[in-house]
1. Which of 162, 135, 120 sits farthest toward the positive end of the charge dipole of region 100-184, with +1 on the Cβ of Lys and Arg and -1 on the Cβ of Asp and Glu?
2. Taking residue 153 as the anchor, which aspartates and glutamates have their alpha carbon closer than 13 Å to its alpha carbon, excluding any fewer than eight residues away along the same chain?
3. Just subtract the alpha-carbon distance of residue 148 and residue 106 from 0.36 nm times their residue separation and send over the number in nm, one decimal.
4. How high is the relative contact order of the chain? Use alpha-carbon pairs under 8 Å, at least six apart in sequence, and give a whole percent.
5. Ignoring everything except DSSP H segments at least 4 long, calculate the 222 nm mean residue ellipticity for the chain; use -39,500 (n - 2.57) per segment, divide by total residues, nearest 500.
6. Given a 1.4 Å probe and every protein chain left where it sits, what share in percent of the accessible area of the chain is carbon and sulfur?
7. Name the long-range amide H neighbours of residue 60: under 5 Å, sequence gap of 5 or more, or other chain; modelled H, no Pro or chain starts.
8. Could you give the size of the charge dipole of region 30-184 about its Cα centre, using +1 on the Cβ of each K and R and -1 on the Cβ of each D and E, expressed in debye and rounded to the nearest 20?
Amino acid sequence: MNAIIETATDKMEKTLGVLKRDLGTLRAGRANPQLLERITADYYGAATPITQMGNISSPEPRMLVISLWDASAIPLVEKAIQKSDLGINPSNDGKLIRLVFPELTEERRKELVKIIRKKGEEAKVAVRSIRRDANDQIKKAKKDGEITEDDQKSLEEEAQKLTDAKIKDIDKIIADKEKEILEV
């Protein structure tokens, strides 16, 4: 019956992974190639992530340089970046696309903190939902006579401890990201 807890653990770990990936796309004062991971360009009729269309480097703390393998795709990638929520205007010299990230304003930092907290809350809701599903499976196993009442109690306690630990992890991830955003 420990399979229920193992499944819940896997799902909760995946939730934390998604949260970390989402927060990685929010920018602090420095440029990070991860920011471009979710941006896609319409390349030969297919939505292609721009991270797969060339090399992305960060020669300076607040600049990203995209070197595309197919120079004819430069206008497509520029358009995709302009349409994204990055709020950055790309510039190109015919070979490379440069993205210069401005310093974050105090107002923008506060907006980002709100977004971070919202994403953290969504992750907590997902973790609690996983716990609820696990508890439902435990109750069903008890009803079907697969486990005893003592087993049910201990499995439910284990699911609660797991949930508490993951919510603590989420709080730490959120606090670290807030600190990163707010430091000037």
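The values are calculated or read from the model by the stated rules, or taken from the named source; none is laboratory data. As the structure is a prediction and not an experimental result, all values here were calculated from the model. Because the Cβ atoms are built from the backbone with ideal geometry, glycine has one as well, and the counts that use them run over all protein chains shown. Heavy atoms of the whole protein, side chains included, go into the accessibility calculation; ligands, DNA and RNA do not. Shrake-Rupley method; radii C 1.70, N 1.55, O 1.52, S 1.80 Å.
1. Ranked along the dipole, the leading option is 120.
2. Output for residue 153: 136.
3. Values: separation 42, 0.36 × 42 = 15.12 nm, distance 5.66 nm.
Separation in residues times 0.36 nm, less the Cα-Cα distance, equals 9.5 nm.
4. Numbers: 205 pairs, mean separation 45.1, N = 184.
Rounded, it is 25 percent for the chain.
5. Numbers: 4 runs with 105 residues, N = 184.
Only helices count here, giving -20500 deg cm²/dmol.
6. Numbers: 5450 of 10990 Å².
About 50 percent, which is the carbon plus sulfur part of the accessible surface.
7. The list, which skips near neighbours in sequence, is empty: none.
8. Numbers: 29 positive and 30 negative charges, 67 e Å.
It works out to roughly 320 debye.
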